[in-house]
1. Would you tally the residues in the stretch 151-166 being surrounded by 21 or more Cβ atoms within 10 Å (Cβ to Cβ) and more than 18 Å from Asp190 (Cα to Cα)?
2. Quick check on Phe137: is it buried (at least 16 other Cβ atoms within 10 Å of the Cβ) and either touching a strand residue (DSSP E or B) at 6+ places or on another chain (Cβ under 7 Å) or at positive phi (or both)?
3. Just for strands (runs of 3 or more DSSP E) wholly inside the stretch 167-261: which have at least 2 residues that are of a type in the set (A, V, I, L, M)?
4. Can you find a residue that is of a type in the set (Gly, Ala, Ser), surrounded by 14 or more Cβ atoms within 10 Å (Cβ to Cβ) and in contact with an Asp or Glu (Cβ under 8 Å, 6 or more places away or on another chain) anywhere in the stretch 389-399?
5. Here are the criteria: (1) surrounded by fewer than 19 Cβ atoms within 10 Å (Cβ to Cβ); (2) part of a strand (DSSP E or B). Tell me which single one Glu266 does not satisfy.
6. State the number of residues belonging to the stretch 277-311 that are of a type in the set (S, T, N, Q) and in contact (Cβ under 8 Å) with a residue 24 or more places away in the chain.
7. Checking the condition over 30 Å from Met224 (Cα atoms), under 21 Å from the mean Cα position of the chain (by Cα), among the aliphatic types (A, V, I, L, M) and not assigned by TED's automatic domain parsing to the domain that holds Glu236, which residue from Ile292, Ile314 passes?
8. Could we say that Arg92 is in contact (Cβ under 8 Å) with a residue 60 or more places away in the chain and buried (at least 18 other Cβ atoms within 10 Å of the Cβ) here?
Amino acid sequence: MKTTFSLYNTMTRRKEEFQPLTEGRVGMYVCGPTVYGDPHLGHARPAVTFDLLFRYLQSLGYKVRYVRNITDVGHLEHDADEGEDKIAKKARLEELEPMEVAHYYTERYRHAMESMNVLSPSIEPHASGHIIEQIAFVQRILDAGFAYISNGSVYFDVEAYNRKHRYGALSGRNLDDIVLGTRELDGQSDKHHSYDFALWKKASPEHIMRWPSPWSDGFPGWHMECSAMSCKYLGEQFDIHGGGMDLMFPHHECEIAQSTAATGREAARYWVHNNMITINGQKMGKSLGNFITLEELFTGSHALLAQAYTPMTIRFFVLQAHYRSTLDFSNEALQAAEKGLDRLMKGIEAAGRIKPSAASSVHVADLEARCAEAMADDLNSPMVISAMFDWVRTINSAVEGKETLTAEDIATLQQTLRHYAFDVLGLRDEKLTATAGRDRVTPLVEMLLEERLKARAAKDWAASDRIRDGLAAAGIRVKDRKEGTEWEIE
């Protein structure tokens, strides 16, 4: 069952009701990682943001083709058009083939995403596997009169494009601002203007990654891969293009210009950008010593970390803030996320312990209404979490007998909580996963608790305490209540 919802369109700078190009189907393209190093905290936010959108669209009944690219060629070290290819540099330093480096870090990225319960995209194309398509796309731009050949390289003619279209529409910049902000770099003498950008670069003699083309042995410009691959897999026009806010300029601005120049129309109807993660108020960077990889977060091995944090804690931390707001990392914020996630998981589990009554004292439909309204308002995950937390309090009251629910309402409540927590937000109960599931340990725990109950009946408090302490040492907490003994995996 599909429903209307709003997305903030960066191009128009307002929330818009989502209307797909084709009824029941959505094409979504998201800029993926450049695979020359370990996945880091900055990778977590776009991955979780667009996984949330992917899951939400599917939950509404849309058939989604989600394309997320892998940049394994053409992303240069100093500038979009200059410097050494980052993957080639890594390969040279480590005496490896560039594709060995790319494959290694691609697998590291995929493993990290899997641990954070990020779904695999429908298609994950590599830039290096689509050189033919990129060459053909460059030729289309040349044929349209929006590019020129210079010394074996092909550059996009921004001025020619700007006479018929508007370069800077996405980022809100005009050409004068871009001129002032463009650095003069070595090798830019090949360009007509400093703000022109490479569609194809002639490779220097020492450049490892190169392919033959009509213009030279070289490699595609960084921006070209997204235009070519989105067109190949989603068509000349598709619904949603996403990525981090740091990609708005120059990457997405150049991509819009390329695609419009080649096809005569804008490719994406909705541009969606997540905001950045800062660390204690600072932008993350290796030079600042606050660059934290996901592996360091999961193991607690970075100097800035007070402890290790699980993948679900990181995911919950990201979802607690709206995707368009700045998200500031700190140990305190992650520790709060850890506690909040634990509280939510315990609340969902506790819903199964509510004893049915003949009538309900609360309106269970309120939870579904609040969650649905929040998600329909530009993916407002913090409000979904807030609604679920409110109902965790209600669940705890119901377990204690202070509120009542019918069996039907209990089932509806559990279904709604699990749908939004697990299916839409993509959370999972790591404690149960880590211990291979509560069901596997239940018989042993119940047997020990039965022995403890016998010890308590015989007033053998020492034996009772030994069993309780032994279970605690194994990560199982025992709670004695008036209604009986409960236990949970910590």
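The values are calculated or read from the model by the stated rules, or taken from the named source; none is laboratory data. Being a predicted model, the structure only gives us computed values, none of them experimental. Cβ coordinates were reconstructed from backbone atoms using ideal geometry, including for glycine residues, and neighbour counts include every protein chain displayed.
1. Within the stretch 151-166, residues that are surrounded by 21 or more Cβ atoms within 10 Å (Cβ to Cβ) and more than 18 Å from Asp190 (Cα to Cα) number 1.
2. In short, no.
3. Once the strands (runs of 3 or more DSSP E) in the stretch 167-261 are filtered for at least 2 residues that are of a type in the set (A, V, I, L, M), what remains is 197-202.
4. Within the stretch 389-399 (the criterion being of a type in the set (Gly, Ala, Ser), surrounded by 14 or more Cβ atoms within 10 Å (Cβ to Cβ) and in contact with an Asp or Glu (Cβ under 8 Å, 6 or more places away or on another chain)), the answer is yes, since at least one residue qualifies.
5. Tallying (1) surrounded by fewer than 19 Cβ atoms within 10 Å (Cβ to Cβ); (2) part of a strand (DSSP E or B), Glu266 fails exactly one: (2).
6. 5
7. Details: Ile292 fails: over 30 Å from Met224 (Cα atoms).
Ile314 is the lone residue from the list that is over 30 Å from Met224 (Cα atoms), under 21 Å from the mean Cα position of the chain (by Cα), among the aliphatic types (A, V, I, L, M) and not assigned by TED's automatic domain parsing to the domain that holds Glu236.
8. no
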